[in-house]
């Protein structure tokens, strides 16, 4: 093993308003290694990449390059010290040819020698065993081809430290595999590669060393010798433990409550999903079968971006269903509009609280009625009834403990926790029959997490069918009667929430279990 | 057809070039800004400012050449404001563009009122340079080869920009600034610099177009004399899909529409001038209906670039 790291992070901290994106992170990156960075969305991976590629500067801590402290001031500076980044979203200009993308940054009055640069590009590509068409216009190439071209370009600029930010997220499985092999070839030539991914199987297959981030902190690492000696299955279990398991400082665990009793007096099926298919360019959903009974909480576990959002939106009516059936109380609803589904008792608590959940500039009172605008009794023949709207708002503010200066305050001024309470108030009042929660505690503090979970439990106790999407396994284990695991747009398994659930879910998430 | 006499064709072509040169310069300028990702609605104002300063300096110095330089400077003053507010500070390009146009209209009208409203001075016609031989060709000779040097220069600019766009690193950088500024930034090129430079150069080109109107076209400065020709330049740039040669084609077409009034009067056709004066704008709408959908604009057009923002 080489003795000196190319790049070292020493206690790097980056704060954004209201959030610590990276909290005293220290990691060493060695030449000749694929170093995998794992973590959920919001774990701080992207911020780390921005600091290494010169887009942002750390608030605290130091970045060392070849053992000497360096402040990476700009993307240009990062390049000059040998750090090349391939971002998740392509950094090639779509309307230019690959050659001209390499040419960005030449002296302005000069005439680029395109044939010579194309030849050099092909040669560099050959040396790492890939094939590029230098004269092709970028937008005519597949994402995989564009990515290879970006890697070739980074090498042509003298990169010896290559960051691949969620490089496989947009690729087809075949292209992803090609990229994995390419990474192996690159490190065999002495480069250092940072590979950022959500996918555990890729981490295990292509990584030499793994670091796990969670909520901005580095919560664990697996060294190369460990990685070899443990074998894929044990490594995967270890990663799942690090990413989702209990750990005092990182996991906000709500006050423990008794697990829901299995098969307590559950009613008949309220929400039934049959062979559901949903179109999506990134993660199409297919073959989803679920039956949720009155009073039951079904959790959907899975690493973020495996089709959970697509499925939730299709159920709520915000996204067309390609095929399959959704029954609510025995009636098919898959062709109904959002409004009609709501009238029949289907509710959706979105995780995009500011984007699609509320209108930030509207007052709390109107946001509480956002999905009923124009409906009686609050609107009569198109005219507002201010007194009724205010009365409704005052009642819900008290009932759901929404901390707001007044019911006229714009919703966007509230804290995240109070916006969530507002959404819960809106979706849980009235004649709800089935409620879908998308990441209901994402980004909330301890108290609000507990409050949200209590509301979910209450909803089920009052006889509603509840579906909870979450990436926090602890949360699902605390709440659910049954837990389904989603992977690549499919439900890969459903388990009863018993003692062995955590183990089995972990296996299914990582693709180890059949 | 008795309409297409030699006198009519000559008047039409001479007029088309005279009216087309400001459009050509406006279109080339707008094309440059748009390539770099700045939707430059302010060119109407830059043109007017160029017309005023061009006229003022040509009148004070009695030199058309200095007048043209003054026009370039006048356009660049307005363009510098645009670069500061929209590129540097990232303010909304459409709002600032409209504000600059309205501001330039007001300011030049006021200055004109204070200085010239009593005297209405007129410039003598600038010198014409006839190319030996070519200028003897009937119709075409008078229209194309017996003109002011500034006309030849403007036509040459089409080739110059085509070369710069296709054959230099600057052309590549411009296109990247308009299509994916983040890619340019990560390649170590200053996006602000590329965009500001493009906007300033646009001001120079468009200002020259304005000065041409005042010095060559009218011989006088009148408030609001650009009368929407800057906006036609925006349409030309949009339809030219990044190719300077198409700006030239469009400019001559619209220039011909503008000069049809004079030509028809020469031919003795009796149509109300108000109807004929609507022609260029009707032509704009027609062209947009048929070709507007094919306009191919840079994807980052109109968006301020902020590093690291998503």
Exposure proxy order (Cβ contacts within 10 Å, fewest to most) of B:257, B:86: B:257, B:86
Between the range A:54-111 and the range A:362-400, the alpha-carbon center distance in angstrom: 52
Computed [θ] at 222 nm, helices only, for the protein assembly as shown once each DSSP H run of length n ≥ 4 contributes -39500 (n - 2.57): -14500 deg cm²/dmol
Relative contact order (percent, whole number), chain A, Cα cutoff 8 Å, 6+ residue spacing: 14
Share of pairwise Cα separations in the range B:60-217, more than 24 Å, in percent: 51
Alpha carbon centroid spacing (whole Å) that separates the range A:191-219 from the range B:136-193: 48
Choice from B:125, B:143, B:83 with maximal GNM fluctuation in chain B (Cα, 10 Å cutoff): B:125
Spin-label model distance (nm) - residue A:57 vs residue B:286, 7 Å beyond Cα toward Cβ: 5.9
Cα-projected label distance for residue A:201 with residue A:492, points at 7 Å along beta-carbon direction, nm: 0.6
Within a Gaussian network of chain B (alpha carbon springs, distance under 10 Å), most fluctuating of B:266, B:151, B:222: B:266
Relative contact order (percent, whole number), chain B, Cα cutoff 8 Å, 6+ residue spacing: 39
q = 0.26 Å⁻¹, the range A:434-514: log10 I(q)/I(0) [Debye, one scatterer per Cα]: -1.32
Helix B:6-35 vs. chain B, principal-axis angle (Cα, 0 to 90°, nearest 10): 10
Percent of Cα-Cα distances greater than 17 Å, calculated over the range A:268-339: 41
The range B:44-102, Cα convex hull volume normalised per residue, Å³: 57
Taking A:327, B:163 and counting other C-beta atoms within 10 Å, the order from fewest to most: B:163, A:327
Cα pair count fraction exceeding 39 Å, expressed as % - chain A: 34
Likely footprinting exposure, A:375, A:175, A:304, fewest C-beta neighbours within 10 Å first: A:375, A:304, A:175
Taking the C-alpha atoms of the range A:316-389, convex hull volume expressed per residue in Å³: 117
Stokes-Einstein D (µm²/s) once Rh is taken as the Kirkwood radius of the range A:7-244 over alpha-carbon pairs, at 25 °C in 0.890 mPa s: 133
Quotient of C-alpha Rg and 2.2 N^0.38 Å, computed over the range A:357-430: 1.00
Solvent-free Debye scattering, log10 I(q)/I(0), computed from the Cα coordinates of the range A:14-134 at q = 0.10, 0.14, 0.22 Å⁻¹: -0.44, -0.81, -1.35
Gaussian network model of chain B, springs between alpha carbon atoms under 10 Å - residue of B:209, B:45, B:188 with greatest fluctuation: B:188
At R0 = 35 Å, FRET efficiency that the Cβ-Cβ distance of residue A:447 and residue A:241 yields, to 0.05: 0.85
For residues of A:68-75, the mean tally of beta carbons on other chains within 10 Å: 2
Tensor-based shape of the range B:124-259 (alpha-carbon gyration tensor, a/c under 1.5 rounded, otherwise prolate or oblate): prolate
Alpha-carbon Rg with Dmax, taken over the range B:151-197, Å: 12.6, 41
D (Stokes-Einstein, µm²/s), Kirkwood Cα radius, chain B, 1.567 mPa s at 4 °C: 65
Taking N as its residue count, the alpha carbon Rg of the range A:456-495 over 2.2 N^0.38 Å: 1.23
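Each reported figure results from applying straightforward, stated rules to the coordinates on display, with no laboratory input. Just so you know, these numbers come straight off a predicted model, no measurement behind them. Here the Cβ is made from the backbone with ideal geometry for all residues, glycine too, and neighbour counts use every protein chain on show.
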